[in-house]
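All of the numbers you see were taken from the coordinates with simple rules; none came from a lab. Bear in mind the structure is a predicted one, so any value in this text is a computation, not a measurement. Every residue, glycine among them, receives a Cβ derived from its backbone with ideal geometry; neighbour counts consider all protein chains shown.
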Protein chains: 6
Amino acid sequence: MKIRVIIPVSTEKWTDAVAEAAKRSLRPDTEVEIMHLQHGPEAIQSEYNEARAAGHVLPLAKGAGGAGCQAVIIWCFSDPGLAAAREITRLPVLGIGETSQVFALMTADRIGIITTLDHSVNRIKRKIAARGLTARIPVVRPLNIPVLEYDNDEKVSAGILETARLMMETDRVEALILGCGALVGMRERLEEAFALPVIEPGPLTLKQAEVMVDLGLSHSKRSFMEPLPVVEH
Amino acid sequence: MKIRVIIPVSTEKWTDAVAEAAKRSLRPDTEVEIMHLQHGPEAIQSEYNEARAAGHVLPLAKGAGGAGCQAVIIWCFSDPGLAAAREITRLPVLGIGETSQVFALMTADRIGIITTLDHSVNRIKRKIAARGLTARIPVVRPLNIPVLEYDNDEKVSAGILETARLMMETDRVEALILGCGALVGMRERLEEAFALPVIEPGPLTLKQAEVMVDLGLSHSKRSFMEPLPVVEH
Amino acid sequence: MKIRVIIPVSTEKWTDAVAEAAKRSLRPDTEVEIMHLQHGPEAIQSEYNEARAAGHVLPLAKGAGGAGCQAVIIWCFSDPGLAAAREITRLPVLGIGETSQVFALMTADRIGIITTLDHSVNRIKRKIAARGLTARIPVVRPLNIPVLEYDNDEKVSAGILETARLMMETDRVEALILGCGALVGMRERLEEAFALPVIEPGPLTLKQAEVMVDLGLSHSKRSFMEPLPVVEH
Amino acid sequence: MKIRVIIPVSTEKWTDAVAEAAKRSLRPDTEVEIMHLQHGPEAIQSEYNEARAAGHVLPLAKGAGGAGCQAVIIWCFSDPGLAAAREITRLPVLGIGETSQVFALMTADRIGIITTLDHSVNRIKRKIAARGLTARIPVVRPLNIPVLEYDNDEKVSAGILETARLMMETDRVEALILGCGALVGMRERLEEAFALPVIEPGPLTLKQAEVMVDLGLSHSKRSFMEPLPVVEH
Amino acid sequence: MKIRVIIPVSTEKWTDAVAEAAKRSLRPDTEVEIMHLQHGPEAIQSEYNEARAAGHVLPLAKGAGGAGCQAVIIWCFSDPGLAAAREITRLPVLGIGETSQVFALMTADRIGIITTLDHSVNRIKRKIAARGLTARIPVVRPLNIPVLEYDNDEKVSAGILETARLMMETDRVEALILGCGALVGMRERLEEAFALPVIEPGPLTLKQAEVMVDLGLSHSKRSFMEPLPVVEH
Amino acid sequence: MKIRVIIPVSTEKWTDAVAEAAKRSLRPDTEVEIMHLQHGPEAIQSEYNEARAAGHVLPLAKGAGGAGCQAVIIWCFSDPGLAAAREITRLPVLGIGETSQVFALMTADRIGIITTLDHSVNRIKRKIAARGLTARIPVVRPLNIPVLEYDNDEKVSAGILETARLMMETDRVEALILGCGALVGMRERLEEAFALPVIEPGPLTLKQAEVMVDLGLSHSKRSFMEPLPVVEH
């Protein structure tokens, strides 16, 4: 099996971390092909960044089948281009945001998401609302550290721990989603501090892609119909 | 007052109809500046088209203030790039989809949207769900005539009349929204046949832009925060 | 165009302020006819007052067409008699409560209403729930100053500023509606203090009445059916 | 115990039927005081009628305590003036609409209401929405026979039977509420035809008033606060 | 009339209190037959206890008709086995949880439940969600005193008073349900302290059972269909 | 890894089919331990059967850890005892109903469930409502063939095909869940007939158990708290 992971930003910065996660999470015989954008923003921290990136994600999703892949992952908690990508390929396309939000429903009644910035809170909540999941995932709290400063150091770690504590004590959250692909590798420290499910969207989504392919499942072409041909300039 | 209307497709096909609608709908002293995309699809009939167009809408929205405009309209029922555009300008940005859906709430309890194609139904419903309006706007029915064949001739007109009839009799809809910017000019014929509010999103949105500017209102920068600087390639 | 504004209380106290707002908000060629009740309460601060007023609003709404008006406004945030008035006239009938709540949906994701008294909170929330808008307008906070003491002085102004601050910091509201027709003229001071959309229902509704008439729109007679004749004593 | 029943229309037409229902439903030692309006409409078939009646209901509700009553019933499925009446008396005030809708929740998952006229459907649905019960009571179907022609004859009976059949077969309703105080005495015939719970709002509400009084329960003065004094003309 | 009350725990501990409540609440001619489980847990404080008890409740419910009863009450706020019991008897089956939650809807807009333990909060909330009542009953607060220590002494009473105060001031609750069958007899003290409706589920449900029987009402066999025969080992 | 599968009925009838599914779905090094009940019903076709089975599921779930298992599956679309089992073990416990409903959210906007009997429709809908997923999974249609006649023959297959067709054409469902553990092995025939995602809960849940264990995830002990000790008779 080969899975194409699209990191929807124009930087190589995350490639090694994703490769590392894939190595830890996927079966030995599952190959991963990690791509990032040539054009578009270096980070997705706003609706603006997301809209600027989404169009560039699509050719990479479309080409995955021809390149021998059986599934596509969009590796950003915003899932830029997710619905559009599903229209243009018959391969299963997974976004790490949707995948982790949906999976979390099996772990707790009341779920919270730690996101990076204040700027992302409404953006994530709009997606949860569109999915009809607000009653189950009512809490999104920002860490307020810019993505590009995430170097897994102690400052970030302390910020996450403190935010997580607030989410449990004040927001009465019962499971946590680390709502940014950049938070790879921080789950262990959280688990030392708290005894709650902490969901890392990236590794989970890698595994769910395998499940989709194993079961021969993909997205409904009734929900995501093949687009009619339209000239593009 | 000057309003920039962005037609988010790469064709001049709609410019005259929009200019005509603006002439009929705006106050004499309101100027309209109609732009279309240089790059992107010629029509928006899918999530794919929408994602390919949205990124190109944004520079036009961003530049509106510098060009002396006081408001921006995205002239497509999908509102491609609406949230993103609101982040990058302090001018009010209106989408003809959102504007007409919200306004319709004042005219009836149960609202329906006629859209062009089967392909657009889920796409529109996702947006209504994200806005929390599904209970009030539960019905979206397709006309199933491709946008590019819309030449306002009798065939389209008959199709709209028949679809509208179904929506009232079967779906118990109490007000109709003509869910495509391309349906400009068809409302009169519908009003001859039915005695219901029929909302034409384009002309309505032109007027709402005037209202926004007159009242000095714009979108909340708490909902649509200014993006942090991110390098783009 | 002529618009009838019904102030649904039995006092002339608000007539000048409404006339002033109309002068500022309406087009020069739009005439406004301001009426108040001969019978009924002097203020609407309870369901009781509202029920006692609503019946007296209706003849004024019904007579508007015969008096050459093209639209009717009920100038009270409770919208007393709104649905009933829509049944008995083909003219568009707007309530400043509904109109501002609906319009606010275009400005922010999470909206709050400042109301006058604790007594009004549940009353307003019931209307928002009936409209299916609770998810978008979850916050109603009272100012706790009786309507009849509203003389626009500094005390009221300070109270509004403090309440607004609480709504933004504690309730995370992203746009504000001044939920009382009596708050005319206070928006400017709020805008000096905060950088958020502040919606004044009265002026907005005057403009929306113009829009309705300009577009030839009115309410659905399927939602608000003409009553069958019933003898009244 | 003495219960005041307010029939909120200006006719004696229903008094005997209510007295009969009270005799059958109440305990022998419970006294009932049946009043109708002196002013207002003879029937409530619209929001208009309801708004014209509600104001006249309130003095009768307010006076109930002074007249030695322990509870008040508003005997109309629209519950005109219900919330207002609760504000001005500490006695429990029950509406036959709300009481039967709430009680029905204990009998079935999916509940339907038979109403008299097409004109009442939206009016009832608005109240159900305001109560947050739409998911449980999604169906309201009209009988389309005017209230004043209700003389319990075979025509009405046949109409109800046919409407009930549609509600079960087409709407998959699992319990029925006879949504008009005028339908007194028809339940038996329905029970011969169907094996479903059929709730007669009037008799049920009489009994629930006894329960309220027996248990010393009334409505929350936090939900229905005592109105501040307001001059009325 | 004879009502069977099933106390779904394997202890006699509550029998006298229930008999006392029945004596106070039921009509003199209503007989009550109080049963408890022979097998199963001594208290229900978890989903685990509930699942272990529910199966044992059912034969007692099934046998009620043959023993000359006209109604069945499951006397535990969790309503263990409620839906199942309704399938296997035509007698009305009431649970004190559901009954009090539904009745409370008539007393206030925003309702809160005091429960015994932290362990019960999610369990109760799941039931409220399944009933579609979360918007009206959003608050469940634990007292955090184990059920078996409930001896009505001052410590429990003080705990309830303090919890009730928090629910009104912090959670803005407008009516209270004492969410445990074990809280019998504490309502009076609460009413001295607060001026709010306080609903005691047990006595209320006894009365509602009488109402059900008096009106010849029971549960819908469309919602709770007779099970097909299945062999059981 | 070892997974305990509990078939919550007192018959060996399904053991081979489950073993077959496990062989096809699990990794070679994942061991499966299939257990069925000694006591309880032979099939679960009602709330009654479910309540009679659930209590017997729990010791098997509790013992799984001691027997060297890393996960527990309850192999029935009703998920009997799911929440209770989660309270008494730290191992992840999956129900094939919940797991497939949640996973389906990633495949389509509007999901439908084929169940066996009319008797199961409300039972399944109550669970979907309790999970807050009704808006996404609004359709449950029965096949109306008793579980014990399911021998995978052509009659059942034809019934499923016809029901599936109705769900797509009439109910506009976009993905299907085969809502009974007994439907193992029928998915292939459905896929020949339709081009939609068809989710087989059993195989999917086996794989999701592997994912849970691989990622070290389990259920939140804040949602499913460890029960306090209670004596059981």
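Tabulated data for the structure shown
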| item | result |
| --- | --- |
| Cut-off under 5 Å, modelled amide H: who pairs with D:Ile199 long-range | D:Leu176, D:Ile177, D:Leu178 |
| 20 Å Cα-Cα reach of B:Lys2 towards lysines, excluding residues that sit fewer than 8 places from it in its own chain | B:Lys23, B:Lys62, B:Lys207, C:Lys207 |
| Two-site label geometry, C:Glu154 and B:Glu169: point separation in nm, points 7 Å out along Cα→Cβ | 6.9 |
| For the stretch D:179-233 versus the stretch C:159-180, the gap between their alpha-carbon centres in whole angstrom | 38 |
| Under-5 Å amide H pairs with D:His36, H placed in peptide plane, nonlocal only | D:Ile7 |
| Sorted by Cβ neighbour density within 10 Å, fewest at the top, the residues A:Val231, D:Val5 | A:Val231, D:Val5 |
| Burial ordering of C:Leu190, C:Leu228, B:Leu133, fewest other beta-carbon atoms within 10 Å first | C:Leu228, C:Leu190, B:Leu133 |
| Average Cα contact separation per residue, chain F, under 8 Å, 6 or more apart, as relative contact order % | 22 |
| Table column - 3J(HN,Hα) (Hz), the stretch B:73-83, Karplus curve with 6.51, -1.76, 1.60, x for Gly and Pro | 10, 9, 8, 7, 5, 7, 6, x, x, 4, 4 |
| Eligible lysines near F:Lys127 by straight Cα distance, threshold 20 Å, same-chain separation 8 or greater | E:Lys125, E:Lys127, E:Lys221 |
| The stretch B:110-132-the stretch F:43-114 distance, computed between alpha-carbon centres (Å) | 35 |
| Residues whose placed amide H lies under 5 Å from that of C:Gly95, excluding near-sequence neighbours | C:Ile74 |
| Three-way shape label, the stretch E:36-131, alpha-carbon gyration tensor, a/c 1.5 | oblate |
| Trypsin sites (Lys or Arg not before Pro) within the stretch F:35-130, DSSP loop, no more than 15 other Cβ atoms inside 10 Å | F:Arg90 |
| Residue-count net charge about A:Cys69 - beta-carbon cut-off 12 Å; Lys, Arg +1, Asp, Glu -1 | +2 |
| Cβ-based net charge around F:Ile160, under 11 Å, with every Lys or Arg adding one and every Asp or Glu removing one | +3 |
| Summed side-chain charge close to B:His233 - residues other than B:His233 whose Cβ falls under 14 Å, Lys, Arg +1, Asp, Glu -1 | -1 |
| Rounded to whole Hz, the Karplus (6.51, -1.76, 1.60) HN-Hα couplings of the stretch A:30-42, x for glycine and proline | 8, 8, 10, 10, 9, 10, 10, 6, 7, 10, x, x, 7 |
| In Hz, Karplus ³J(HN,Hα) per residue of the stretch E:210-227 (6.51, -1.76, 1.60; θ = phi - 60°; x = Gly, Pro) | 4, 4, 4, 5, 3, 8, x, 9, 8, 7, 6, 7, 7, 7, 10, 5, 4, x |
| Cα-based shape type of the stretch D:9-88, given that a ≥ b ≥ c are square roots of the gyration tensor eigenvalues and the cut on a/c is 1.5 | oblate |
